[in-house]
Amino acid sequence: MSANFEDFKITTRLGRINRIAQIVLGVSLYCGLNFLAARHYARWDMSENARNSLSPESAAYVKNLREGVEIYAVVSMGRRDNESASIVRDFNTLFGQYEYASTKKAPIKAKFVDAYVENRRAEELASRFGNDLDECVIVASPRRFKKIPITDFYDIEDGARKNFKGETLISSAILNVTSDKELNIYFIKGHGEMSIKSANNSRGLSEFAAALSARNYKVAELDLSETKEVPEDAGLVVVAGAKSAFLPREIDALRKYLLKSNGRGLVFLEMGPLLGLEEVFYEWGIMSDDMLVLDSGGDYESATGDLIARSFPKNPHPIAKYLIDSGTPVQFGSARPVRPDLGAPIDETLKIAPIILSGRASWGEKSYSRGGVQKYDESSDIAGPLPLAMVATRSAGGDLGLKIPGGKLAVFGDENFIANKWFNRLGNSKLALNAVDWMFEENNMLNIPPRPLGAFSLTLSQADVFELAWRFALAPAAVLLLCIAVFAVRRR
């Protein structure tokens with residue numbers, strides 16, 4: 001009897017130890033598998049056209065990064081509308097792809113920030129990247145950063161979002177912020193131009209220069225009369241409101257920089273003669289008439305007489321996209337038309353496009369200098385709407401179907417809107433800064449098509465719902481009946 005009792009205690013104890021061991025082994029197996037899965041895992045994209053994976057081009061760039069990259073999406077996640085939810089979903093999917101493709105040596109870390117909820121995080125970002133962070137994406141490396149408005153990520157057709165350009169813009173921004181190339185901007189001086197060192201209201205560009213410096217651009221002045229050519233490290237050359245003529249060798253230096261070096265030029269014109277720049281414009285298919293753009297439709301600032309431009313081409317240029325999406329006009333001063341030169345040589349590598357236009361009731365007044373009441377004269381004036389800024393781009397050829405970007409030239413028919421007095425009015429600063437940002441864009445080197453946004457819906461009648469319900473209930477009901485039958489048999 002004693003032996004049986006001892007055997008029962010031993011058996012019970014061994015059973016308890018066995019159960020504990022099973023639990024410990026099961027938990028260890030679970031933790032071990034999760035640990036291995038977290039450190040060594042792979043993803044297979046089974047979606048159509050691999051839409052949930054980065055393109056091989058982007059993946060290669062990310063794999064070869066030498067330093068980590070941070071991505072912050074400042075969006076209003078607290079809003080409950082469908083548009084905000086779909087935007088967060090688009091970016092969340094894209095950010096996961098970049099994080100997965102990055103390496104431990106140079107990781108990419110992406111975070112969402114709701115500026116209205118995460119106040120401390122928003123303040124930290126503002127101290128690093130400036131205050132204009134609402135509804136934008138920031139891509140930052142340890143040395144520089146780039147901000148992209150959310151609206152730039154989508155192609156809008158008939159008020160609806162059609163294509164998502166997230167991979168193109170994010171990959172371009174990563175290349176930009178991790179590049180060793182300095183982003184140098186030279187402002188030409190020596191001809192009475194506006195100065196980046198001046199705080200004067202009407203002729204100073206200190207506000208413009210400060211905004212560029214905040215975006216990691218290095219600004220400096222350049223006197224072409226003291227140098228034989230534009231420096232090799234020049235990323236962009238700016239001519240802002242020149243008042244006296246350029247020397248022939250200065251014009252030659254600009255032409256060589258734009259054509260042979262595939263340089264970038266940004267010109268803001270005053271009223272009057274073009275001071276030798278017409279030779280440069282001619283090669284780029286652009287001309288600017290010595291006319292004052294007037295408007296009888298009331299698009300004027302009543303106190304100053306400045307022209308308010310709020311019209312854009314049917315196919316808008318990327319420089320103006322933010323202004324269009326936000327409905328923000330631009331306040332120009334005395335603006336002149338800038339339009340295509342129909343007499344320029346035909347060049348298949350050259351593309352010309354307007355950026356912003358005057359209103360339908362506007363015209364280019366030839367006799368503006370006489371003063372008094374001005375009226376449209378069909379014999380000498382040009383009827384509007386007129387381009388107030390044009391951009392010309394060249395492709396330098398290509399191999400294997402990849403277009404190699406050439407030079408870029410943008411010409412604005414007004415210099416006042418970038419002066420300190422006007423720079424922060426309406427959409428002036430956005431137009432000027434967008435023009436500079438676009439000059440440095442390398443998106444056309446990335447062979448990454450935008451991703452179409454598909455909307456899927458399923459419409460069911462009440463009868464359809466009931467039919468699906470009982471069909472889906474068949475399998476669980478069969479299992480339940482089998483269990484009941486087994487239970488009944490075992491009870492007997």
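Laid out as a table, the results:
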| item | result |
| --- | --- |
| The stretch 320-333 - residue that is touching a Phe, Trp or Tyr at 6+ places or on another chain (Cβ under 8 Å) and part of a loop (DSSP other than H, G, I, E, B) and, of those, surrounded by the fewest Cβ atoms within 10 Å (Cβ to Cβ) | Thr328 |
| Residues being surrounded by fewer than 22 Cβ atoms within 10 Å (Cβ to Cβ), over 24 Å from Leu212 (Cα atoms) and not basic (Lys, Arg) - total across the stretch 157-191 | 5 |
| Residue within the stretch 358-377 that is outside any loop (DSSP other than H, G, I, E, B), out of contact with any Leu (no Cβ under 8 Å at 6 or more places or on another chain) and either modelled with pLDDT under 90 or not assigned by TED's automatic domain parsing to the domain that holds Gly407 (or both) present | yes |
| Candidate set: the stretch 378-398, residues that are more than 26 Å from the chain's Cα centre (by Cα) and charged (D, E, K, R); chosen: the one modelled with the lowest pLDDT | Glu378 |
| Only listed residue being out of contact with any strand residue (DSSP E or B) (no Cβ under 7 Å at 6 or more places or on another chain) and among the β-branched types (Val, Ile, Thr), chosen from Ile251, Ile286, Ile308 | Ile251 |
| Selected residue (criterion: farthest from Ala253 (Cα to Cα)) from residues of the stretch 181-240 that are in contact with a Phe, Trp or Tyr (Cβ under 8 Å, 6 or more places away or on another chain) and of a type in the set (Asp, Glu) | Glu207 |
| Qualifying helices (runs of 4 or more DSSP H) (wholly inside the stretch 100-214; at least 3 residues being in contact (Cβ under 8 Å) with a residue 60 or more places away in the chain) | 166-178, 206-214 |
| Answer residue from the stretch 346-368, given it is without any contact (Cβ under 8 Å) to a residue 40 or more places away in the chain and not aliphatic (A, V, I, L, M) and is farthest from Ala383 (Cα to Cα) among those | Glu348 |
| Where Val338 falls short, out of the listed (1) out of contact with any helix residue (DSSP H, G or I) (no Cβ under 6 Å at 6 or more places or on another chain); (2) over 27 Å from Arg360 (Cα atoms); (3) crowded, with 19+ Cβ neighbours inside 10 Å | (2) |
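The values are calculated or read from the model by the stated rules, or taken from the named source; none is laboratory data. Treat the numbers as computed from the prediction; the structure is a model and nothing was measured. No Cβ is skipped: glycine too gets one built from the backbone with ideal geometry, and neighbour counts run over all protein chains shown.
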